[in-house]
Amino acid sequence: MLDERYFSLRAHLYEREEAQTIAFKLQELETIWYCSQKNAKRVLKELVANGRLTYIPGKGRGKPSTLLFPKPFQKEVEDFVTACVERDELDEAAHLLRLPIPKSWIAKASYDIRKMFSYREQSSPKDVLHAFIARSLTTLDPLEVSITFEAHMIEQLGDPLLKYDAEIDEVLPHIAHHVDVDDSARTWTFHLRKGVRFHNDEELTSEDVYSTLSRAMNTEASTSWLTEGIRSIECPSRYKVIIHLDEPNPFFPRYMAASNLCILPAGTPFDEHEWIGTGPFYLKELTEHKLVLAAFDGYFKERPLLDEVQFFKVSQEAASIINFTVEDGEDVNPAQKHEVETGFRFLTFNFHKDNIVEDPHFREAIYHILDIQEMADSFGWHSFGDPNDLPGENQYVEASSFVPTRSTHLEKKSSLIPELLRKSGYEGEPLKLFHLEFPNAVKEAEWLEKKGAEYGIHFERHPFNFSNFYTEEMDKDVDLIFMGEVSSLDPHLSFLGAFYNKNLFFRRFFPDWGLQWIHDKLEVFKRQDTAEEREQVMDEIETYIRKQNLLIFQYHPVKIRTFHPMIQDVRFQSFGYFDFSKIWIPR
């Protein structure tokens, strides 16, 4: 069993370790072990008694103490991994992989780890796939979820009334097998399939649809905009639902295909740890460090071919090295799939603080400073599709739009920056630049900090994580923030959500005058009959955003998904993730 306190101590202090010796202060143990100094001393005494280390107190006030270890830390890590493999203790190994262990050690042990966390054909037989996440989950409430991985999990657990098909750009029947609409496009009638069952084996009826939509209508949830236009709902029979809208909305079926409105049982209060839906998988286990999806045998569509998908929380380094694998005894080169993400990275400004970012000259100066090609050259990135480059990591597509197909090159002129800053009246005051904790996000923020300093701009970097994302406290501090926006399979619905979702930064940070202009255009957008007409309105909105520099477009990431070559039918679903319901491995 993992000695959590011991391994945590060595992992966090390892950078300072020399010849298995570390100089430290007792206060550091309080932070590492999340305990009082009294408890830290008690734990230290236990480790000494168990022969894990030797403790030499510092002589004199303020003098550092010393720890001596009998074994090299790398050897202890490798021995523990070997023991976990032999005993098939997945949870114990995952616990170790959450610690800040040097990446090279994980790489060295990656074959044994991949073998242990591989796809399994068990004696049951039961087909299990193991995967990794590098952070804690935020929320699995479909009305609140705004982070891509969690949104993808919702798609595995639940089903909306309708389903959007990206290949033909149409909404298809799903829980509702037919939809009727009156001539005014105000009254929509949904005819429900019989025999659709929830994970608790109850049959889905019109009352469940009523309850789900009412929950969205009667809360201040981030995705309640999907139901804002509903005036009333009728349930004239067990399998029939009639929805009356305040205004005509030909786009309404796309709303009903949103996974945020997956149908939940009316008689069961929502609990994200006891998630009950109708999806191809049910929630078997959810803890701080583990998520398990199990195939739902009673699924009204095609049952998943896998029996379980288990997600373990590990460190960012471990997650980047260990891939989906098959336990076949051979260490083979993983297969890869490359896809330009239907989303983009950007820098935006907090217009709700009284400071220099409100000045258009200052924002234009930042536009010219944030030159993606110059940044990419400094990082060794390459433009995706360059015939001189082989597909691989560190590729990107320059962004000027929400999606790659509308993006073009944007000219940057560094010669304009000094005069723009002079016109803005910027006097060197510090500006808080927020960015995610992921390595690439840190690197990009550091680049902008350094580049800004060349022109006398004082950026103070502030890392944040997804647990901070949903809190409004952060909004009071942000001056500028790096972030990303990713589309679901339905890019037009996602475009609406980008501006209507209360959790997303466009709604939180854009100025009221800018949002009003955009919202007026979105009303026009919803009335269009064809995709081409909607694309035209989207282009107008993006042009306005660029002209006002409400945000600075950076790039579209190129996602690389790696997996064992025996894994079949690997398809991308919403947000660039694998569709787990279609994956299978030939026996």
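The values are calculated or read from the model by the stated rules, or taken from the named source; none is laboratory data. All values reported here derive from a predicted model rather than from experimental measurement. Note that we place each Cβ from the backbone using ideal geometry, even for glycine, and neighbour counts take in every protein chain shown. Side chains included, ligands, DNA and RNA excluded: accessible areas come from the protein's heavy atoms. Shrake-Rupley method; radii C 1.70, N 1.55, O 1.52, S 1.80 Å.
The residues listed here are Leu172, Leu157, Leu161; of these, the one that is surrounded by fewer than 22 Cβ atoms within 10 Å (Cβ to Cβ) and not basic (Lys, Arg) is Leu172.
Here is a check on your reading of the model: is Asp477 of a type in the set (D, E, K, R) and either in contact with a His (Cβ under 8 Å, 6 or more places away or on another chain) or assigned by the TED database to the domain that holds Arg186 (or both)? So Asp477 passes the test. Can you confirm whether segment 470-482 contains a residue that is in contact with a Leu (Cβ under 9 Å, 6 or more places away or on another chain) and closer than 22 Å to Phe252 by Cα? Within segment 470-482, none of the residues are in contact with a Leu (Cβ under 9 Å, 6 or more places away or on another chain) and closer than 22 Å to Phe252 by Cα. Counting only strands (runs of 3 or more DSSP E) that fall entirely inside segment 118-225 and contain at least 1 residues that are hydroxyl-bearing (Ser, Thr, Tyr), the qualifying elements are 162-165, 187-192. Phe438 satisfies every condition listed in (1) at pLDDT below 95; (2) of a type outside the set (Asp, Glu); (3) surrounded by fewer than 21 Cβ atoms within 10 Å (Cβ to Cβ); (4) touching a Leu at 6+ places or on another chain (Cβ under 9 Å) except (4).
Entry remark, segment 258-275: residues being buried (at least 21 other Cβ atoms within 10 Å of the Cβ) and touching a Phe, Trp or Tyr at 6+ places or on another chain (Cβ under 9 Å) number 6 in total. Is it true that Val292 is aliphatic (A, V, I, L, M), surrounded by fewer than 19 Cβ atoms within 10 Å (Cβ to Cβ) and either without any contact (Cβ under 8 Å) to a residue 40 or more places away in the chain or not in a loop (DSSP other than H, G, I, E, B) (or both)? In short, yes.
Taken residue by residue, segment 144-159 has at least one member that is more than 30 Å from Pro439 (Cα to Cα), touching a strand residue (DSSP E or B) at 6+ places or on another chain (Cβ under 9 Å) and either in the same structural domain as Thr530 (by the TED database) or in contact (Cβ under 8 Å) with a residue 12 or more places away in the chain (or both).
Per-residue answers, yes or no, for (1) in a loop (DSSP other than H, G, I, E, B); (2) in contact with an Asp or Glu (Cβ under 9 Å, 6 or more places away or on another chain):
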{"site": "Lys353", "(1), (2)": "yes, yes"}
{"site": "Glu364", "(1), (2)": "no, no"}
{"site": "Val397", "(1), (2)": "no, yes"}
{"site": "Ser401", "(1), (2)": "yes, yes"}
{"site": "Leu410", "(1), (2)": "yes, yes"}
{"site": "Glu419", "(1), (2)": "no, no"}
{"site": "Leu433", "(1), (2)": "no, yes"}
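Against the condition over 40 Å from the mean Cα position of the chain (by Cα), surrounded by 15 or more Cβ atoms within 10 Å (Cβ to Cβ) and not β-branched (Val, Ile, Thr), how does Ser8 come out, does it pass? Spelling it out, it is not the case that Ser8 is over 40 Å from the mean Cα position of the chain (by Cα), surrounded by 15 or more Cβ atoms within 10 Å (Cβ to Cβ) and not β-branched (Val, Ile, Thr). Would you say Thr287 is more than 18 Å from Val171 (Cβ to Cβ), more than 20 Å from the chain's Cα centre (by Cα) and outside the structural domain of Gln528 (by the TED database)? No, not satisfied.
Annotation: Glu411 fulfils all but one of (1) open to solvent by less than 70 Å² (accessible area, probe 1.4 Å); (2) closer than 23 Å to His556 by Cα; the unmet one is (1).
Of all the listed residues (Gly514, Gly484, Gly497), the sole one being in contact with a Pro (Cβ under 8 Å, 6 or more places away or on another chain) and open to solvent by less than 50 Å² (accessible area, probe 1.4 Å) is Gly484. Whenever a residue of segment 531-552 is free of Cβ contacts under 8 Å to residues at least 60 places away in the same chain, its partners that are of a type in the set (Lys, Arg), lying with C-beta atoms within less than 7 angstrom and at least six residues away or across chains, give the pairs Val537/Lys521; Glu540/Lys521; Ile541/Lys521. Contact map, segment 423-451: residues that are touching a residue at least 60 places away in the same chain (Cβ under 8 Å) and hydroxyl-bearing (Ser, Thr, Tyr) paired with residues that are open to solvent by 30 Å² or more (accessible area, probe 1.4 Å) and part of a loop (DSSP other than H, G, I, E, B), Cβ distance under 8 Å, separation 6+ or inter-chain. Pairs shown: Ser424/Asp359; Tyr426/Asp359; Tyr426/Gly456. Among the residues of segment 39-62, those identified as modelled with pLDDT of 85 or more and of a type in the set (Lys, Arg) are Lys41, Arg42, Lys45, Arg52.
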